[in-house]
Amino acid sequence: MKKILDAAIAALATLMLPACTQDNVHAPEPEIIIVEKETDEPAKEEFQNTFVYEGQLTSEVPSMSALMAPVTSADVLTLRDMTDKTSGYATLVLGAFDINVAAMGMCIHMGEMIIDNVQYAVYPNGNGMFFKDDFQTMAGSYDTRGSLSGTFGADGSIELIMDYKPGSMPFMCHSEFSGTCKRQ
């Protein structure tokens, strides 16, 4: 009986084997198709992200206006590292300057101010604005806190208004910068 069962299994295997291998032998080769993906995303437009302005900086201590006149000096202001062409954040750098209170024999030397995360917006006509309601930075040896706002024009002009308190000075200082874009 075992011989009959082994012979039956062998016969079945022989009958099925050609059918299985025949299907695999004549199977068509798969065709490789390369599809180019189209994107609707526009290419990111390159833009100038640093502007250097030269102009006049006028500084004063408003609470001491009876003792001092505003002090005006040449200075440089830079808006750099702008994150986008139309709006975003930039770093504002204002060059070092002095605030003299001659009547008291006092001179405050304000070092360069580097103020990060200044918010800005550029309008379709090329004009724009920028501001930071609360900044803290080192200005020379002074831990300086304050706020700033300003505008810039498509014509290359810029205006800055800044109120700040350097270090432990008990009085707020006020500075205004007016300039023109020199290097782009």
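Relative to the Cα centre, the charge distribution of segment 51-183, modelled as +1 at Lys and Arg Cβ and -1 at Asp and Glu Cβ, gives a dipole magnitude of about 100 debye.
Pairs of C-alpha atoms in segment 57-184 farther apart than 21 Å represent 38 percent of all such pairs. Translational diffusion of segment 112-166 was estimated from the Stokes-Einstein equation, with Rh taken as the Kirkwood radius over Cα pairs; at 37 °C and 0.692 mPa s the coefficient is 274 µm²/s.
Just to verify a number: FRET efficiency for TYR123 and VAL52, C-beta to C-beta distance, R0 = 35 Å, to 0.05? That gives a FRET efficiency of 0.95.
Modelled this way, with points 7 Å down the Cα-to-C-beta line, the labels at PHE131 and MET169 are 2.4 nm from one another. A straight chain from ALA96 to THR180 at 0.36 nm per residue would run longer than the Cα-Cα distance by 28.4 nm.
Counting pairs of alpha carbon atoms under 8 Å apart in space and at least six apart in sequence, what relative contact order in percent does segment 51-183 give? Computed over segment 51-183, the figure is 24 percent. A cut-off under 14 angstrom between Cβ atoms defines the neighbours of TYR164, and their net charge, with Lys, Arg +1 and Asp, Glu -1, is -4. Taking Lys and Arg as +1 and Asp and Glu as -1, the other residues whose beta-carbon sits under 14 Å from that of MET68 total -2.
Taken together, the values in this text are just the output of simple stated rules run on the coordinates, not laboratory data. Everything numeric in this text was worked out from a predicted model, so none of it was measured. When we count neighbours, we look across all protein chains shown, and the Cβ atoms used for this are built from the backbone with ideal geometry, even at glycine.
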